[in-house]
Every structure is written in structure tokens, then in C-alpha cells.
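Structure record follows, encoded as C-alpha cells.
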Amino acid sequence: MTSEAVRQPQQDRSRATRQRLLEAAIDSLAQVGWSGSTVAVVAERAGVSRGAAQHHFPTREDLVTAAIEYVTGERIAHLSDAMPDLPPGPERTELVVTTIGELYAGKFFRAALQLWVAAASDDQLRAQVVPLEARVGREAHRMTVAALGADESRPGVREAVQATLDLARGLGLANLLTDDRARRTRVLSQWATVLHATLSA
């Protein structure tokens, strides 16, 4: 067996271990927050030794930095995958609004929120979180415009799209302590009606 053939399975295992650690970090952040998400806790969740975790991420800062990147990529990919290719109409508007609402009510938003809170009192972490959140915001806005087929050159349309994202974020916050699904569904449905009227005016 060639050295290249030996290296490939090792690289595959290494990538798989790293992926498990990142996913475990997101689960940990979403469930127990920043203070509870130590390298040891994340390693246990991932089913790997602490030594193996520290081989990939020597410190919690390294782990969280990678988790931030992972959260960002996953949120963007999730939003992109969830946006259906539908003909224009109120049903399309409602489905897009509902999809965005569910995105901000899910695990990735919970994990990201824990990072926001930690970053508020940690200058080094904030320096990493702010540009990544700005990137997510721009990408989410761009994909929402595309999914709605919205024309932002028309007065009020850009603001209405941004209001959709801001509303979904606020409803996601309301969902942190209690299951707010029923109210969220009603609010998003009503907003979809308002948004569609704005897009169609």
C-alpha cells in the first residue's frame, strides 16, 4: 500500500473527527451555553477523547472560532437550501417568510445567540463574531430578495425585506424560554400578507 493510500483514510478520519467536534460544539452552545461548552464537554459529546479534541482545537478559543465559522456556513447553507423555487404569488411569500422564521427559531440561531452574548463582554471574540454576523446578514438579505423575487429599486421594498429578517430574529428570541410556535405562526402569516401587499403594490 502506498503512503498516499495510507494518508487518505487518516485524512478522512481526521475530517470526520473535526466535523463531529464542530457539530458537538454547536449542540453544546445551543443547549448549555458558552460557559458550559468547554473543550472537555464538547469532546465527550462528540465521542472523542479530550486529547483528540485538543489535537484539532488546542483551546476553547480555537474551538469556538471554528464553531463560529461552522455556524455561519451552516446557517447560510440552510437558508439557501430551504428557499424553494416557486412561481410568484402570496403562497410563495408566505412560504419564504415561514422558512426564515423557522431558521431563526432553530438550533443554529440558539448557538449563534450564545456566541453573541459571550462576545458582548469579550473583545477578542467580538472581533471574530461581528464580521461573520455581518456576512450572514448580507447573505440572508440577498437570498431572501432572490427567493421573493423582490425588486429593491422600488420604494419601501428593501426595508420590508429587512423587516422580515428582523421580525424573524425577534421571534427567535421570544422562542428561547418557551415554545412560542403558535404565536410565531400567526405573526408570520400576518406579516406575509403585509409583505406581499408591499411587494405587489
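The values are calculated or read from the model by the stated rules, or taken from the named source; none is laboratory data. Since this is a predicted model, take the numbers as computed values, not measurements. Heads up, the Cβs are rebuilt from the backbone with ideal geometry, glycines too, and the neighbour counts pull from every protein chain shown.
Counting just the residues of the range 164-198 that are in contact with a Lys or Arg (Cβ under 8 Å, 6 or more places away or on another chain) and surrounded by fewer than 18 Cβ atoms within 10 Å (Cβ to Cβ), which one comes out modelled with the highest pLDDT?
Within the range 164-198, the match that is modelled with the highest pLDDT is Ala174.
Looking at Val39, Val32, Val71, which is the one that is within 25 Å of Arg184 (Cα to Cα), at pLDDT 90 or above and not polar (S, T, N, Q)? Show your work before the answer.
Details: Val39 fails: within 25 Å of Arg184 (Cα to Cα); Val71 fails: at pLDDT 90 or above.
Only one candidate qualifies: Val32.
This table checks each residue for (1) under 20 Å from Ala168 (Cβ atoms); (2) buried (at least 19 other Cβ atoms within 10 Å of the Cβ).
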position	(1), (2)
Arg15	no, no
Glu23	no, no
Val32	no, no
Glu44	no, no
Gly73	yes, no
Thr99	yes, yes
Leu103	yes, yes
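Whether any residue in the range 69-79 is more than 30 Å from Arg13 (Cβ to Cβ) and in contact (Cβ under 8 Å) with a residue 12 or more places away in the chain is what I want to check.
Kept after step one, since they are more than 30 Å from Arg13 (Cβ to Cβ), are these residues of the range 69-79: 79.
Of the ones still in play, those that are also in contact (Cβ under 8 Å) with a residue 12 or more places away in the chain are 79.
Yes, the conditions are met somewhere in the range 69-79.
crowded, with 18+ Cβ neighbours inside 10 Å, within 30 Å of Leu63 (Cβ to Cβ) and β-branched (Val, Ile, Thr): does that describe Val161? It would help to see each step written out before you state the result.
Working: crowded, with 18+ Cβ neighbours inside 10 Å: yes; within 30 Å of Leu63 (Cβ to Cβ): no; β-branched (Val, Ile, Thr): yes.
No, not satisfied.
Taking the range 147-166 as the search range and keeping residues that are in a helix (DSSP H, G or I) and in contact (Cβ under 8 Å) with a residue 40 or more places away in the chain, which one is farthest from Ala82 (Cα to Cα)? Let's see the steps before the verdict.
Filtering the range 147-166 for residues in a helix (DSSP H, G or I) gives 147-148, 157-166.
Okay, now just the ones that are also in contact (Cβ under 8 Å) with a residue 40 or more places away in the chain, so 147-148, 157, 164-165.
Working: Ala147: 10, Leu148: 13, Val157: 22, Thr164: 16, Leu165: 15 Å.
Residue satisfying both the conditions and the ranking: Val157.
Evaluate the range 146-156: report whether one residue or more is more than 16 Å from Leu79 (Cα to Cα), modelled with pLDDT under 90 and more than 15 Å from the chain's Cα centre (by Cα). Give the derivation first.
Our first condition is that a residue be more than 16 Å from Leu79 (Cα to Cα); within the range 146-156, this holds for 150-156.
Next, only the ones that are modelled with pLDDT under 90 stay: none.
Within the range 146-156, none of the residues are more than 16 Å from Leu79 (Cα to Cα), modelled with pLDDT under 90 and more than 15 Å from the chain's Cα centre (by Cα).
Please go through the range 22-41 and give me each residue that is under 16 Å from Ala112 (Cα atoms) and aliphatic (A, V, I, L, M), ordered by number.
Leu22, Ala24, Ala25, Ile26, Leu29, Ala30, Val32
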